[in-house]
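Take a look at the structure below.
The values are calculated or read from the model by the stated rules, or taken from the named source; none is laboratory data. Computed from a predicted structure; not experimentally measured. Virtual Cβ from ideal backbone geometry, glycine too; neighbours counted across all protein chains shown.
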Amino acid sequence: MSKIRLFLLLFLSVPVISMAQSYDIVIKGGHVIDPKNSINSVMDVAIKEGKIAQVAKNIPAGEGKQLVDAAGLYVTPGLIDMHGHVFAGTTPDGDLSNGFSALPPDGFTFRVGVTTIVDAGGAGSKSFPEFKKNIIDRSQTRVLAFLNISSEGMRGDEYSVYQQDVKFMDPQLASKAAKEFKEYIVGVKVAHFHKSDFIAVDRALEAGKLANIPVMIDFGGSKPRLSIEDLFMKRLRPGDIFTHTYGQILETKESIVDLETGKLKPFVLAARKRGVIFDVGHGGGSFTYSQALPATKAGFYPETISTDLHTGSMNGAMKDMLNVMSKFMALKMDLQSVITASTWAPAKAIKREELGHISVGANADVAILNLRKGKFGFYDVARYKSEGTEKLECEVTIKGGKIVYDLNARSMPLPSKP
């Protein structure tokens, strides 16, 4: 072989090797659903240095250092569960605030495609630094938070002094903490207040206004009941969030569906028009078919789907994020709307619009989902059953460009032959 020919062969081989290493990961052949960018078709996705590098048809498989075969699967932004309880700890009276009822996020997120979870009020202004140190800073999952208006958070059971005495509910302290930790705190939470008074709601709203962040409302629990029409139409601002939308606790919480007529109350639609966000927050006691069936039949589906994940809900009717999403598909919510309510819609609700989509340059948070066909059962917190023909399962989760969960080794090479 001549020296010139040898030089040409060596020269030409360099860019070929370089091209083959253009991306860290190439996801091939999946059906991409990216609501923000109105993508709903078979596409390939390339990832480089933790960011989405390309979304296109027919990206060469050889351009990725790692290949993920997504043929027959759905590729979506990493799911955002904006109502969970992950301030786990061992404080005897901690409950959902550094206690045994909350769950460590990494064990319950990636396996269901969740890359971001928002703790819904476990920590208050006093306890948030400990929450950040013990959970946020130590988790691979992106953990954000709604700060409880009570400075002690959800310490003790829901009847504890920390959640009932308004002396713990200081809007100034809450707004100060929200501003100090603005990278992590996305809103204010009020919950479990059992007096027939709007004072807890009003103090949370004051804190939200001072910090310019939304408020998530877990409403009800008092005798006599407070008016949700008053809450929706006179107090909540556009962008504030009403969670446990389909819950029904008749003695202490007014519901969105009139049980005598079976109709959605008209002011609920008016509240949506004025910008109130309706969230699922399934939980262990906050989703009933007596509310969800007539509401969804009337076209009243949630803007955001969330779990209210904690030890009391994960082994009951709720289970996990994908089960709740599948439950709404059984209620005739179409797949794209379900994905929207689990990605881009919550990203907008918590004002983190850098999340929840697969735009070039965005964080490479991706869920790869299988949509199983068959006969599946779902039940509500009152233990009534519905049936569906589709169920979502997570195959692969990618967080920040790293594969953090792979159910069936789709990203793994075969062993070399001896």
Unique residue being surrounded by 15 or more Cβ atoms within 10 Å (Cβ to Cβ) and modelled with pLDDT under 95 when the list is Ser22, Ser101, Ser2, Ser97: Ser22
What do you reckon, is Ala102 in contact (Cβ under 8 Å) with a residue 24 or more places away in the chain, more than 19 Å from Met321 (Cβ to Cβ) and of a type outside the set (S, T, N, Q)? no
Given (1) among the basic types (Lys, Arg); (2) crowded, with 24+ Cβ neighbours inside 10 Å; (3) without any contact (Cβ under 8 Å) to a residue 60 or more places away in the chain, where does Lys189 come up short, assuming only one miss? (3)
Find all pairs meeting these conditions: Cβ atoms under 7 angstrom apart; at least six residues apart or on different chains; first residue within segment 83-97 and under 11 Å from Leu144 (Cα atoms); second residue modelled with pLDDT under 95 and assigned to a strand (DSSP E or B). none
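Return the residues of segment 250-288 that are over 24 Å from the mean Cα position of the chain (by Cα) and closer than 23 Å to Arg203 by Cβ; say none if nothing qualifies.
Kept after step one, since they are over 24 Å from the mean Cα position of the chain (by Cα), are these residues of segment 250-288: 250-254, 257-267, 270.
Passing the criteria: Thr252, Lys253, Glu254.
Could you list, in sequence order, the residues of segment 192-221 that are assigned to a loop (DSSP other than H, G, I, E, B) and either buried (at least 16 other Cβ atoms within 10 Å of the Cβ) or touching a helix residue (DSSP H, G or I) at 6+ places or on another chain (Cβ under 6 Å) (or both)? Step through it out loud before you land on a result.
Keep residues of segment 192-221 that are assigned to a loop (DSSP other than H, G, I, E, B), which gives 192-198, 212-214, 218-221.
Result: His192, Phe193, Phe198, Ile213, Pro214, Asp218, Phe219, Gly220, Gly221.
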Go through segment 326-350 and count every residue that is within 10 Å of the chain's Cα centre (by Cα) and among the hydroxyl-bearing types (Ser, Thr, Tyr). 2
Please verify whether segment 180-197 includes one or more residues that are closer than 16 Å to Met82 by Cβ and of a type in the set (Gly, Ala, Ser). yes
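Could you grab me the full set of residues in segment 111-142 that are surrounded by fewer than 24 Cβ atoms within 10 Å (Cβ to Cβ) and either under 26 Å from Ile339 (Cα atoms) or among the β-branched types (Val, Ile, Thr) (or both)? Full working, then the answer.
Looking only at segment 111-142, we keep the residues that are surrounded by fewer than 24 Cβ atoms within 10 Å (Cβ to Cβ), and these are 111, 126, 129-130, 132-134, 136-140, 142.
Hits for segment 111-142 are Arg111, Ile136, Ser139, Gln140, Arg142.
Can you find even one residue in segment 149-168 that is within 16 Å of the chain's Cα centre (by Cα), among the hydrophobic types (A, V, I, L, M, F, W, C) and part of a loop (DSSP other than H, G, I, E, B)? Outline the logic, then answer.
If we filter segment 149-168 for residues that are within 16 Å of the chain's Cα centre (by Cα), which is where we start, we get none.
No - not one qualifying residue is present in segment 149-168.
So, in segment 223-248, how many residues would count as being in a loop (DSSP other than H, G, I, E, B) and either surrounded by fewer than 16 Cβ atoms within 10 Å (Cβ to Cβ) or at positive phi (or both)?
Restricting attention to segment 223-248, the residues satisfying the condition of being in a loop (DSSP other than H, G, I, E, B) are 223-227, 236-240, 243-248.
Filter once more, so that each one left must be either surrounded by fewer than 16 Cβ atoms within 10 Å (Cβ to Cβ) or at positive phi (or both): 223-224, 227, 237-239, 244.
Residues that pass the stated criteria total 7.
With respect to Ile358, determine if the residue is closer than 16 Å to Val45 by Cα, crowded, with 20+ Cβ neighbours inside 10 Å and β-branched (Val, Ile, Thr). So that I can check it myself, show each step before the final result.
Details: closer than 16 Å to Val45 by Cα: yes; crowded, with 20+ Cβ neighbours inside 10 Å: yes; β-branched (Val, Ile, Thr): yes.
Considered against the rule, which asks whether it is closer than 16 Å to Val45 by Cα, crowded, with 20+ Cβ neighbours inside 10 Å and β-branched (Val, Ile, Thr), Ile358 comes out as yes.
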If I go through segment 364-383 residue by residue, how many of them are within 21 Å of Ala70 (Cα to Cα) and either surrounded by fewer than 23 Cβ atoms within 10 Å (Cβ to Cβ) or over 18 Å from the mean Cα position of the chain (by Cα) (or both)? 5
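Would you check if Ser150 is farther than 20 Å from Ile80 by Cβ, out of contact with any Cys (no Cβ under 8 Å at 6 or more places or on another chain) and surrounded by fewer than 24 Cβ atoms within 10 Å (Cβ to Cβ)? If you could, list the steps in order and put the result at the bottom.
Working: farther than 20 Å from Ile80 by Cβ: yes; out of contact with any Cys (no Cβ under 8 Å at 6 or more places or on another chain): yes; surrounded by fewer than 24 Cβ atoms within 10 Å (Cβ to Cβ): no.
No: the conditions fail for Ser150.
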For segment 92-139, how many residues meet the condition of being more than 24 Å from Gly401 (Cα to Cα) and in a loop (DSSP other than H, G, I, E, B)? 18
When segment 384-418 is checked residue by residue, the ones that are surrounded by 15 or more Cβ atoms within 10 Å (Cβ to Cβ) and at positive phi are Gly400, Gly401
Out of the residues in segment 323-337 that are buried (at least 24 other Cβ atoms within 10 Å of the Cβ) and aliphatic (A, V, I, L, M), which is farthest from His31 (Cα to Cα)? Val324
Hits in segment 45-82 - residues which are crowded, with 18+ Cβ neighbours inside 10 Å and in a loop (DSSP other than H, G, I, E, B): Ile59, Ala70, Leu73, Gly78
